[in-house]
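These notes concern the structure reproduced below.
The values are calculated or read from the model by the stated rules, or taken from the named source; none is laboratory data. All of these numbers come straight from a predicted model, not from anything done at the bench. FYI the Cβ positions are ideal-geometry reconstructions off the backbone, even for glycines, and counts take in every protein chain you see. Quick note on the areas: whole protein, heavy atoms, side chains included, nothing else; ligands and nucleic acids left out. Shrake-Rupley method; radii C 1.70, N 1.55, O 1.52, S 1.80 Å.
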Amino acid sequence: MTAANLMNTYTPLPMSFVRGEGASLWDAAGRRYLDAMGGVAVTCVGHCHPQVVEAIRDQAGLVLHTSNHYAIDWQRQLAGKLAALSGLDAAFFNNSGAEANETALKLARLTAWHRGIERPRIVVMEDAFHGRTLATLAASDCSGVRLGFGAHADDFLRVPFGDIHALNAIAQRYGAQVVAVLLEPVQGESGVRPAPPGYLRAVRALCDRQCWLMMLDEVQTGLGRTGHWFAYAEAGIVPDVLTLAKGLANGVPIGACLARSRTAQLLTPGSHGSTFGGNPLACRVACEVLDIIQRQHLVSHARQLGAWLLGTLQSRLAGNPAVREVRGQGLMIGIELSHAAGGLAQRAAERGLLLNVTRGTVIRLLPALTLTEDEASQVVEHLVALLAPASAVA
Ligand SMILES: *Cc1c(COP(=O)(O)O)cnc(C)c1O
């Protein structure tokens, strides 16, 4: 089979998988691969978790879709669970991370409109990634994603990520023209870059002083990935707006935008919507995923195993000239190389390890939160071998 009829947006490796279980995938020839990529942070409770499989099977035999013109019980349940876990008040569901961020941006604009701000600005970060729709693209700043699309970035003010002085300078200069700050607690696509300690707290305090909405994009970091239900929990803060997607239904498409207090009441009938958003299948599976994360204690597991994996990689790769830095939070780990990774993802896959390379130089590990200690050791051994000076790319 060729890809002649596909638009050329990805350059996939030749491997193709027909079956999965936990952190393992198998190709048609029966060869097993250890999946340290998790479909880019999506399959967070592992491939084919029995409870997820059962929920999909059962719901498919009941009803898939009825539209938001009727009450959807699973949607209400999911909103309730997410509100309780996050500390925010209300959710809107759609089908992807970009759409969740679109909702967040619309909440910011609506807030500005109610306040009578004529030319509202939203502060975003250098090297951010928020999605591929025109508005989220304009908010992004990663690997030339905007190039050629004329995405109108005029609504946005951009500051260096992690630099609270730059944000203070924006407050001085633009003050009440700013309505919101949008950021990722750990920048994912631009190379697994955690915010410096104290930064999220400082942003929260500045937003409170300035009456700006603090909007966190936790599409990649949310739901246990960083060893906390949400990355902001570690900072002891709560954002005004929170976006989720990737792992929420373990591969069934869903996105969510949550908001707090007055911001949670801005949308009114007709002001926003989504045909597929919040359908019974996606919401039921997401409820199951949250249940599994809770029952199997995957948040603390991600924190503990992630700390072990990070520490072990740091010590085993110390002094390796191919490695510049190993960093991360929980089971979101980046290994920044001193040179372009070249065919590293392919060479890793050939030896049975699936990993992602982002920004050309950063190996990104986003395994299922169910990864076992034994599998984590296998990941380490693979990586140490792959990055051994003899086999490293020049
Ligand atoms: C993946 C990602 C998105 C985009 O999500 P899609 O589902 O691809 O639209 C947005 N923000 C962050 C932080 C992401 O990692």
Evaluate segment 334-345: report whether one residue or more is within 21 Å of the chain's Cα centre (by Cα) and buried (at least 23 other Cβ atoms within 10 Å of the Cβ). yes
Checking Ala108 against (1) within 16 Å of the ligand (Cβ to nearest atom); (2) under 19 Å from the mean Cα position of the chain (by Cα); (3) part of a helix (DSSP H, G or I): exactly one of these is not met. Which one? (2)
Residue check for Ile293: under 21 Å from the mean Cα position of the chain (by Cα), of a type in the set (Val, Ile, Thr) and under 22 Å from Ala104 (Cβ atoms): no
Members of segment 213-230 found to be within 11 Å of the ligand (Cβ to nearest atom) and touching a residue at least 60 places away in the same chain (Cβ under 8 Å), listed by number: Asp217, Val219, Gln220, Thr221, Arg225
Take the residues in segment 346-394 that are polar (S, T, N, Q) and either over 23 Å from the mean Cα position of the chain (by Cα) or at positive phi (or both); name whichever of them is surrounded by the fewest Cβ atoms within 10 Å (Cβ to Cβ). Ser391
Taking the condition more than 16 Å from the ligand (Cβ to nearest atom) and more than 19 Å from Ala90 (Cβ to Cβ), does Gln210 pass? yes
So in segment 301-326, with the set limited to residues that are open to solvent by less than 30 Å² (accessible area, probe 1.4 Å) and not in a helix (DSSP H, G or I), which one is nearest to Leu371 (Cα to Cα)? Val326
Looking at the structure I just gave you, is Thr263 more than 14 Å from the ligand (Cβ to nearest atom), free of Cβ contacts under 8 Å to residues at least 40 places away in the same chain and not in a strand (DSSP E or B)? no
With respect to Pro239, determine if the residue is part of a loop (DSSP other than H, G, I, E, B) and under 19 Å from Lys81 (Cβ atoms). yes
Output the number of residues of segment 178-221 satisfying the condition of being assigned to a strand (DSSP E or B), charged (D, E, K, R) and open to solvent by less than 30 Å² (accessible area, probe 1.4 Å). 1
Of everything in segment 116-163 that's within 12 Å of the ligand (Cβ to nearest atom), of a type outside the set (Gly, Ala, Ser) and part of a helix (DSSP H, G or I), which residue is surrounded by the fewest Cβ atoms within 10 Å (Cβ to Cβ)? Leu137
Could you please find all residues in segment 80-97 being under 26 Å from Arg132 (Cβ atoms) and in a helix (DSSP H, G or I)? Leu82, Ser86, Gly97
Hey, among Pro239, Pro194, which residue is touching an Asp or Glu at 6+ places or on another chain (Cβ under 9 Å), more than 10 Å from the ligand (Cβ to nearest atom) and closer than 24 Å to Leu137 by Cα? Pro239
Given the conditions (1) surrounded by 11 or more Cβ atoms within 10 Å (Cβ to Cβ); (2) outside any strand (DSSP E or B), every one holds for Ala71 apart from (1)
Counting only residues in segment 94-104 that are open to solvent by less than 10 Å² (accessible area, probe 1.4 Å) and of a type in the set (A, V, I, L, M, F, W, C), the one nearest to the ligand (Cβ to nearest atom) is identified as Ala100
If I ask for residues that are open to solvent by 20 Å² or more (accessible area, probe 1.4 Å) and within 16 Å of the chain's Cα centre (by Cα), which ones from segment 222-243 would you list? His228, Trp229, Ala233
Restricting to segment 244-269, what's the tally of residues that are surrounded by fewer than 24 Cβ atoms within 10 Å (Cβ to Cβ) and either modelled with pLDDT under 95 or aliphatic (A, V, I, L, M) (or both)? 4
